[in-house]
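S.K.: Dumping the structure here so I can ask a few things about it.
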Amino acid sequence: METFGENTLRFRSSKSLHISPEQWNILDQTPVTPVIEVLDGRAVFTNGAIRAEIRERDGLVTYLNDQNEVLLKETYFHHVTRYARQYKSRGSDHFELTLTFEADKDEHLYGMGQYPNDCLDLKGTTLELAQKNTQISIPFLLSSKGYGFIWNNPSIGRAELSMTQTRFTAEYARQIDYFIFAADTPADLVHRYAGLTGKSPTMPDYGAGFWQSKLRYSSQEELLSVAREYKDRGLPLSVIVADFFHWPHSGDWKFDPVFWPDPEGMVREL
């Protein structure tokens, strides 16, 4: 457990002999000295608006805000073996990792990137943590309880946001690694997230204009005919998208000369 900038804690855990310092895409932060207390049966680790209480007898962690409200609480993955974190060996120093928290039925969860579903509130969903066409996995949760959570692991896995448990799984990884931070408003949580991951550059002016796309333009002439019609009608057009199959073979970084004979001339006219 360590502080990681203001109001933020980072947790890492592994069954290997080495805890990796790898941050992946998380930016370095200004060091913050935590307040550490050892009380009856637990250790308390505080950083501003968030604190972690680690139970001595089983290592379970509970996160609370500065109003003493529970934000997130580990629970047993299995009530016979009684642990919250599971490590299944996958050879060498890699594991299939599972992390389990209690769920709050009244909590609303947002974020996690882009999935082809109609759920704004992700409570009750299971999400695959993998990149695919139409699926962009960004494992960041924003909670209505006032915390943000980043599952800092590039492994394929899943997030189970059920009514009874919140569970994250990584299929092949060295360690459990996540960040949790507290704030009063969703805007403050997003601001903190941007501080950890980096801020987006300003979009170029043309990006805010009208984009024309379809599934798909099969030739240079078809695409140009659409662009010319926009011009003839005096309609502003910022971007026209030649989406896919404009190449000879998958992986070729060039236009198919049969259907796109003069890309340079096409771009010049556009």
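S.K.: Which condition does Phe259 not pass, out of (1) modelled with pLDDT under 95; (2) more than 21 Å from the chain's Cα centre (by Cα); (3) outside any helix (DSSP H, G or I), if it passes all the others?
M.R.: The single condition Phe259 does not satisfy is (1).
S.K.: Next question. All but one of (1) within 14 Å of Phe149 (Cβ to Cβ); (2) assigned to a loop (DSSP other than H, G, I, E, B) hold for Met112; which doesn't?
M.R.: Only one criterion is unmet by Met112, namely (2).
S.K.: Separate question: For segment 155-170, indicate whether the set of residues that are touching a Leu at 6+ places or on another chain (Cβ under 9 Å), modelled with pLDDT of 95 or more and exposed (fewer than 15 other Cβ atoms within 10 Å of the Cβ) is non-empty. Before the answer, list the steps.
M.R.: So in segment 155-170, the residues touching a Leu at 6+ places or on another chain (Cβ under 9 Å) come out as 155-161, 166-170.
Checking which are modelled with pLDDT of 95 or more leaves us with 155-161, 166-170.
Filter again for exposed (fewer than 15 other Cβ atoms within 10 Å of the Cβ), leaving none.
No; the residues of segment 155-170 include none that is touching a Leu at 6+ places or on another chain (Cβ under 9 Å), modelled with pLDDT of 95 or more and exposed (fewer than 15 other Cβ atoms within 10 Å of the Cβ).
S.K.: Then there's this: Please work out if Asn25 is more than 22 Å from Gln175 (Cα to Cα) and within 26 Å of the chain's Cα centre (by Cα).
M.R.: Details: more than 22 Å from Gln175 (Cα to Cα): no; within 26 Å of the chain's Cα centre (by Cα): yes.
No.
S.K.: Something else: So how many residues does segment 177-191 have that are surrounded by 22 or more Cβ atoms within 10 Å (Cβ to Cβ) and either out of contact with any Lys or Arg (no Cβ under 6 Å at 6 or more places or on another chain) or farther than 16 Å from Pro139 by Cα (or both)? Reasoning before the result, please.
M.R.: Taking segment 177-191 and keeping what is surrounded by 22 or more Cβ atoms within 10 Å (Cβ to Cβ), we get 177, 179-183, 189.
Subset that is either out of contact with any Lys or Arg (no Cβ under 6 Å at 6 or more places or on another chain) or farther than 16 Å from Pro139 by Cα (or both): 180, 182-183, 189.
Number of matching residues: 4.
S.K.: Still on this structure: Out of (1) under 26 Å from Leu97 (Cβ atoms); (2) in a loop (DSSP other than H, G, I, E, B), what's the single condition that is false for Glu6?
M.R.: Exception for Glu6: condition (1).
S.K.: Of Asp58, Asp121, which residue is modelled with pLDDT of 95 or more and not in a strand (DSSP E or B)? Give the derivation first.
M.R.: On the way: Asp58 fails: modelled with pLDDT of 95 or more.
None of the other options fit; the residue is Asp121.
S.K.: Would you confirm, using the coordinates I've provided, whether Leu215 is surrounded by 15 or more Cβ atoms within 10 Å (Cβ to Cβ), touching a residue at least 24 places away in the same chain (Cβ under 8 Å) and not β-branched (Val, Ile, Thr)?
M.R.: Working: surrounded by 15 or more Cβ atoms within 10 Å (Cβ to Cβ): no; touching a residue at least 24 places away in the same chain (Cβ under 8 Å): yes; not β-branched (Val, Ile, Thr): yes.
Judged against the criteria, Leu215 is not a match.
The values are calculated or read from the model by the stated rules, or taken from the named source; none is laboratory data. Here the structure is a predicted model, which means the values were calculated and not measured. A quick note on method: Cβ atoms are made from the backbone with ideal geometry, for glycine too, and the neighbour counts reach across all protein chains shown.
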